[in-house]
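Just so it is clear, none of the values below were taken in a lab; they were calculated from the coordinates. Please read all numbers here as calculations on a predicted model, not as lab measurements. Every residue, glycine as well, gets a Cβ built from its backbone with ideal geometry; the counts of neighbours run over all protein chains shown.
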């Protein structure tokens, strides 16, 4: 019998450790084949990906890149989780959102959810949801001692909270058994509406004192970071705003007589979970670490475990091809669970279209069920912990968020920074930068900017109550392309056909397929239908094919070699056949002036501003 030595596996010991320099040298050799002559750290930099907030994803991480120890689950700084057992006992809290104004419809949806795996309710009350006076009807048949309630009542949080507390007493729920959050969020309302009421802070503080005294399972305050995320904030900005809001509440609640520990216990933090799984994981881990630092400085280190509610991002949801949203929300829910969120809300795939139907609601709640019961995602505590990449990203994101938090504090705190415009201006600049990447399809949107389906009928839903406005804007990733598609839809309704582009493919399929596919996807993203019949054309057949297509514009698609031979004559033929605009898919290089003289009007290639190109095309085609 062979006994392995204590110092490791003998097979591994036979091989020397590879160095970072060796890896960089191999990368440099590959890059040289593609025409990039770099070496050393520059080779590694060439494969790095810039993120928002000045962060960068590197192609290689080693133990040298990892920061110091993140502690243990359930212990400060709580990076690895707020509870020692994590979600291993029952997984995360599956919290379904309900925002229907009809209390009977709301009640039906609530009962169906509770019977099929949902463990708590996120109930929108007031102008954007069920009326406060109808709360009892909406919760008819609900065992309030078993189903935690998270209220979201906007500026009506005080009457909504009082009505819920009245229902607890009326239905005989012991005060110690009540669970959930009353959702007082005046700062979030200021962000959403631009308005604030002097009495709201005092009302929220009174609810916090009441909960601390009589309802140990209830939290009074929601620190909602979604208004900033929905306005286009980066992850660090979202974290920094939530941190500044939380610190503001610690000041208000301790001034009202609560201890720092009691004040921490009255806060629940709400964050967006996106389909960028690693950033979401890092964001939730960083949020706990940051709040633990705040609690420590306030002398309440033992109460520094942040209670987190993660919501799949509304910004990432698309109106076109909404079925893809199921994939986005699945990845986001996975990231929220891995990141250690206490409660997770999966928004229905048709959330951006209005009130969800029963199927969308079922898919949303079942997403968590599958992740928990079939994938057993909650059985491992902090599964991303120890990953050199995740640990480094968590650390860098925490530092970026802390710097933004300090800037907000120097401006007088979250309320002052909102009123003074600092937060709105900074978030607007961030969104403008991201919008540029979206327009250039550097950040692709499947089903919208990539692989759009023009023949797919639109999905329609009953309109949802209008959310409050007047404060920070509400943005969506798909908004620029959605505007283009809406113009195409209007043209279809008026004329019976979409605007069309004729794809003039030159040569065999091997030569034109790649660029024809690129051009088709580009124009479809703007609602312009590509026509490519016959499969390929030349100077002799292009005119007839273009006329038969019924298109107003044409795009040449082929290899550089065939462009050199045929682009000029075919462009001349298309122009003589009546093409308003002739495009060429690819970079022109040295042939630019020659092709322009022959009739090519514009060149389109990967990385171009697709929104600008498509807007110009629709304008020239007279599509209003």
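Each label was represented as a point 7 Å from its Cα along the Cα-to-Cβ direction; for residue 143 and residue 486 these points are 4.7 nm apart. Centre-to-centre separation between the Cα atoms of segment 448-481 and those of segment 355-373: 21 Å.
Over segment 93-417, Cα pairs under 8 Å with separation of 6+ residues give a relative contact order of 16 percent. Placing pseudo-labels 7 Å out from each Cα toward the beta carbon at residue 616 and residue 15 gives an inter-label distance of 5.2 nm. Computed from Cα positions, the angle between helix 422-439 and the longest principal axis of the chain comes to roughly 40 degrees.
Computing FRET efficiency as 1/(1 + (r/R0)^6) for residue 327 and residue 169, where r is the C-beta to C-beta distance and R0 is 45 Å, gives about 0.50. If the chain linking residue 456 and residue 46 were pulled fully straight, counting 0.36 nm for each residue of separation and taking away their Cα-Cα distance, it would gain 143.7 nm.
Distance from the Cα centroid of segment 116-174 to that of segment 553-624 is 60 Å (rounded to whole angstrom).
Once the Cβ-Cβ distance of residue 399 and residue 446 is raised to the sixth power relative to R0 = 41 Å, the FRET efficiency obtained is 0.80. Averaged over residues, the count of other Cβ atoms within 10 Å places the peptides 211-218, 500-507, 444-451 in the sequence 500-507, 444-451, 211-218, highest first. List residues of segment 468-511, by number, whose backbone nitrogen lies under 17 Å from a label position 7 Å along Cα→C-beta of residue 624. What the label zone holds, given the 17 Å backbone N cut-off, is 484-499.
Under the simplified labelling scheme, the residue 213-residue 197 pair shows an inter-label distance of 2.2 nm, with each label point 7 Å from Cα along Cα→Cβ.
Would you mind calculating the relative contact order of segment 481-620 from Cα pairs under 8 angstrom and at least 6 residues apart, reporting the percent as a whole number? Worked out over segment 481-620, it gives 24 percent. Between residue 548 and residue 302, what length comes free when the chain is fully extended (0.36 nm per residue of separation minus the Cα-Cα distance, one decimal in nm)? Gain on extension, residue 548 to residue 302, equals 81.0 nm. Once the chain from residue 564 to residue 255 is taken as fully extended at 0.36 nm per residue, the excess over their C-alpha distance is 103.6 nm.
Ordering 568-574, 459-465, 541-547 by mean Cβ neighbour count within 10 Å, with the highest value first, yields 568-574, 541-547, 459-465. Note on 558, 133: ascending count of other Cβ atoms within 10 Å places them as 133, 558, the fewest first.
By the helix-only formula, in which each DSSP H run with n ≥ 4 contributes -39500 (n - 2.57) and the sum is divided by residues, the chain has a 222 nm mean residue ellipticity of -13500 deg cm²/dmol. Going from the residue with the fewest nearby Cβ atoms within 10 Å to the one with the most, 102, 152 rank 102, 152. Over the chain, Cα pairs under 8 Å with separation of 6+ residues give a relative contact order of 13 percent. Averaging Cα coordinates gives a centre for segment 277-299 and one for segment 183-226; these two points are 21 Å apart.
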